[in-house]
Every structure is written in C-alpha cells, then in structure tokens.
Amino acid sequence: MPSQPSTDPAASAARPSGPTHAPYLALLGAPPVFEAPLHVGRPNIGDRARFMSRVEKILDSAWLTNNGPYVRDFERRVAELAGTRNAIAMCNATIALEIVIRALGLKGEVIVPSFTFVATAHALQWQEIKPIFCDVDPATHNLDPRRVEELITPETTGIIGVHVWGRPCAIEQLQEIADRRGLQLMFDAAHALGCSHGGRPIGSFGRAEVFSFHATKVCNSFEGGMVTTDDDELAEKLRLMRNFGFAGKDSVIYLGSNGKMSEVSAAMGLTSLDGFEDFRAHNAAMHAAYSEGLAGLPGLQLIEYDETESNNHQYVVVEVDGSVAPLNRDELVRVLEAEGVLARRYFYPGVHEMEPYGSYQPTAGLVLPQTRCLSERVMTLPTGTAMHDSDVTTLCGVVHRAFDHAAEVREHLAAEGA
Ligand code: T4K
C-alpha cells in the first residue's frame, strides 16, 4: 500500500507513540497508541499559500460579502461539478435547506429519514412543517421508497431524500412516487459532493439539491452550503431569498433571510475544490486500507461504495453486529476512545428520538425498526488528509486486539459501570 503524504501538520502529532503489536489496550491501562486524538471530520486544509493569496485579494478589494467575485466563481465551479445550470452559495447547508423548503412552498408534512443529521429535520420544524420520519433500507442506509409510500397523507407536500455517506438515494423510485402523488422532491446532498448516480453527478436530481461545505466535509468553506438546480426560476427565487428578498436596492419582493456566503468562505471553498481530486484519492486509499485492516473480523462490516460511480469516500462507516462480533459498537467506541481515536456514532440516536421530535412524536419509532437497528450498529472512523495509512494500520490493530481481549474489555467496562 503506498504511503500517503499528509497535508495537515497536525497529523504528525497523531503518529502512534507506542508499539503497534503490543498485546494490551489503553482501556486496560496501557499508554494510548495515538498521542493526539484522531477526529472524524478533521478538515482537509488544501493549499495554504493559494488560500492566503486569495484572502489578500479580498482585503485589497475591500469586497467582503454580498455576492462577491469569489462567491460567483465558487458557484460556477460547483455548478460545473454538479452538472447544473445554477448553483447558489449559502452560509451553511442548514440555512440552504430552510430556504429551499420555503421557496418550494412546502408545508404540512414532509417525509424525511430519521437516519440523518438532525439538520435535515430541523430545517422543516424551524418553519413549523412536520417532519414525518421514514425508515431506511438497511442495505443502502437511505430512505426506503416502499415505506415512503405508506406515510403519505393528505397533508404531505414533499419528500426530502438524503444521500447518506454520499451514496445516492433510490432517486428514480422516489421521483416516481413524487410525480404520481403530486409531491415535491428535493435532496439533502450534504455528503455527496462529486458523487454520481448512473454516471450523472449528484446535483441535478429532484427540484433542488443541497451540499454542505462545513469544515468537516470533504471540501470546506469553513461554513458553507450550496443549492444546485436546473430550474432557473427557482434559482432566481433562492438568490433573492438568501438576501432578505431584495430584488433591487429598495424593493423587497419575498420574505427572505440572510443566507449569504462571505468572500473568505468562498476563497476557502475554491481552494478546497482545487484540492478535491487529491482529497478523494487520499480518502479512497484510506478506505482501501481500512478494508484490508478490518477484513475477516467477525460481525464487522465496512460499508462499500459503488466503484462504477464517482465517490468522495469522505465517510468510513463500519457496522458492528453485536450478536456476532465479540464486542458491540459502544464497547468498541470506548476501546478506541481510550486509544485516542474519537470514533463517532453517526447517526445515533435516530433524529426521531432527539428533541423536540421525541416529545412531539413519541410513537414515531414504531415504524422505524431498521433505523433503530442501524443507529445501534454504526460507527464512523477517521479519514481525510490528516490520516496516513500507517494510522489506519495501527487503528485496525487496536480493533483486532480488542476482539482478541474481548472478555477483559467487557469485564473492565462492567466494573467501570458498576
Ligand atoms: N444534512 C446532513 C445529512 C448533514 O450531515 C449535515 C451536517 C447537514 C445537513 C448540515 O450541514 P451544515 O449546516 O453543517 O453545513 C458534524 C458537522 O458539524 C455537520 O456539518 C455534519 N453534517 C455532521 C455529520 O457532523 P458534529 O457536531 O457531530 O461534529 P463537529 O462539528 O463537532 O466536528 C466533528 C469533529 O471534527 C470534532 O471531533 C473535531 C473535528 N473538527 C471539527 C471542526 C469544526 C476539527 O478538527 N476542526 C474543525 O474545524 O457535526
């Protein structure tokens, strides 16, 4: 496996500090194998010099926000990547989702997965639209179209599909349901920059799609979101709505918000896009290293990406079947945390269990058996340019040792909990 150079100086601090094959674990009293924590979502920094030179230009021009030249350039680049006529930059994906939802006139009830980041549902509830939580297909982790159909009521106005981990939803089936039932379909594509479905880039499906450029995403603009759509009229409405509804200097024609992206964010976004091909190649190599390192471990399954499509591999997701593996997901997360690996339980619990949804819809979980099962199994591991393949080897070594010493681990955790 080729050794991958890191572009993140913080990564050198995360080199293993101890022997990689010692038959012990930090949870059981050994020194952790990583001195500095390994995060899920450590940003890809990209070419600092290029970013700084863009920042200098922003300062020289004294044009800091309000649809500046870098924002327009960033929009052009994302539209190209997504294969759409329009890309509208926003300050983050949550506000972008809110604005699209309002621009489409969604109201009443909208069907969403519960297996997602809470922002998908919050963007609806924030405007008093009821998210109706739908179960997912355990094979894809995405909305199960059969379950969607069952949840449609006279109050339903739309469906928001989420391309979880960048793996596309069952787009055609969802579109067919939306068309037949007279519903709007949009996608939360926060994870799916540069991914494709049937060879067509994510970005042009449904009425609109929303990407996130948060620091933790494969490409980042510190904070940022982008709406893509081929619908010119909708795009124009979105542009106005992100700027308070101003259609001219003194004319406001819609209820709007402030969803604008700043120039410095766009400069970072452009710098990130410049490095995108390197980032995704690096992520693909990390995924392959995990695949090799975790192979053969009982009850442990690394989710795969369809290699006939474009992927960004920004999430390394493992399902731990606690009825087969010697340790369950939560035990394994504890073992890894002790070693300095901050594995995340994305997405646990299901959004329907979070507030206010747990109180508003206490019985929502009754129709979400797959979501519950999945949210108790998934674990997301560190990747990105802060990681080297030697880190992955060390991390996988920890998992092997933990499985070998599962009885001691369980005994230790039980004593701790007592
Ligand atoms: N839809 C979906 C499906 C989403 O996944 C998200 C966001 C959205 C919509 C909304 O997009 P935005 O409005 O954010 O554009 C993180 C991210 O904050 C969130 O953007 C992301 N999804 C979600 C999956 O993960 P947290 O609260 O779990 O993690 P956070 O932000 O504390 O960071 C994770 C780790 O990354 C930390 O351990 C430290 C490290 N980190 C983080 C930041 C911000 C760094 O090393 N440097 C940094 O600058 O939500």
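Rule-based calculations on the coordinates, nothing more; no lab input. No experiment lies behind these values; they were computed from the predicted model shown. Cβ coordinates were reconstructed from backbone atoms using ideal geometry, including for glycine residues, and neighbour counts include every protein chain displayed.
On the beta carbon distance between residue 291 and residue 80, with R0 = 25 Å, the FRET formula returns roughly 0.20. Fewest-first ordering of 339, 150 by other beta carbons within 10 Å of each residue's beta carbon gives 150, 339. For the stretch 213-278, the equivalent ellipsoid built from the Cα gyration tensor has semi-axes of 27, 13, 9 Å, listed from largest to smallest.
Each peptide among 225-236, 94-105 gets the average number of other Cβ atoms lying within 10 Å of its residues, and from highest to lowest they stand as 94-105, 225-236.
For the chain, a Gaussian network of Cα nodes joined below 10 Å ranks 125, 173, 370 by mean-square fluctuation, and the top entry is 173. Over the stretch 48-274, Cα pairs under 8 Å with separation of 6+ residues give a relative contact order of 27 percent.
Where does the Debye-calculated log10 I(q)/I(0) of the stretch 276-416 sit at q = 0.17, 0.20 Å⁻¹, using only Cα point scatterers of equal weight, no solvent? The calculated log intensity ratios at q = 0.17, 0.20 Å⁻¹ are -0.99, -1.20. Give the angle, between 0 and 90 degrees and rounded to the nearest 10, that separates the Cα long axis of helix 276-294 from the longest principal axis of the Cα atoms of the chain. Computed tilt is about 30 degrees. Relative contact order of the chain: 23 percent, from C-alpha pairs under 8 Å at least 6 residues apart in sequence. Using the Stokes-Einstein relation with a Kirkwood hydrodynamic radius computed over Cα pairs, the translational diffusion coefficient of the chain at 4 °C and a viscosity of 1.567 mPa s comes to 58 µm²/s. For the chain, the longest principal axis of the C-alpha atoms and the axis of helix 93-103 are separated by about 30°. Estimated at 0.36 nm per residue, the fully extended path between residue 47 and residue 128 surpasses their Cα-Cα distance by 25.0 nm.
The spacing between the stretch 329-346 and the stretch 112-129, judged by their C-alpha centroids, is 27 Å. Reducing the stretch 137-211 and the stretch 38-99 to their Cα centroids gives an inter-centroid distance of 25 Å. Let me see the P(r) profile for the stretch 175-311: every Cα-Cα distance counted, bins of 10 Å, each bin given as a percent of all pairs. Each 10 Å bin holds this share of Cα pairs: 10, 29, 32, 19, 7, 2, 0. A Cβ-based charge dipole, computed about the Cα centre of the chain with Lys and Arg at +1 and Asp and Glu at -1, lands at about 840 debye. Comparing 299, 350, 198 in a Gaussian network model of the chain (Cα springs below 10 Å), the most mobile by mean-square fluctuation is 198. For the chain, modelled as a GNM whose springs connect Cα atoms under 10 angstrom apart, the maximal fluctuation among 37, 113, 131 occurs at 37. Residues of the stretch 308-340 with amide nitrogen under 20 Å from the 7 Å Cα-to-Cβ point of residue 416? Within reach of a label on residue 416: 320-323, 325-340.
Applying 1/(1 + (r/R0)^6) with R0 = 22 Å to the Cβ-Cβ distance of residue 107 and residue 179 gives a FRET efficiency near 0.70. Per residue, the average separation of C-alpha pairs within less than 8 Å and at least 6 apart gives the stretch 214-314 a relative contact order of 26 percent. The peptide list 136-145, 159-168, put in order of mean Cβ contacts within 10 Å with the highest first, becomes 159-168, 136-145. Working from Cα positions, state the angle (0 to 90°, nearest 10) between the long axis of helix 406-417 and the longest principal axis of the chain. So the inclination is approximately 70 degrees. The count of lysine pairs in the chain whose Cα atoms are under 18 Å apart, excluding pairs fewer than 8 places apart on the same chain, comes to 5.
Here the label points at residue 407 and residue 252, each 7 Å from Cα along the C-beta direction, are separated by 7.0 nm in the simple model.
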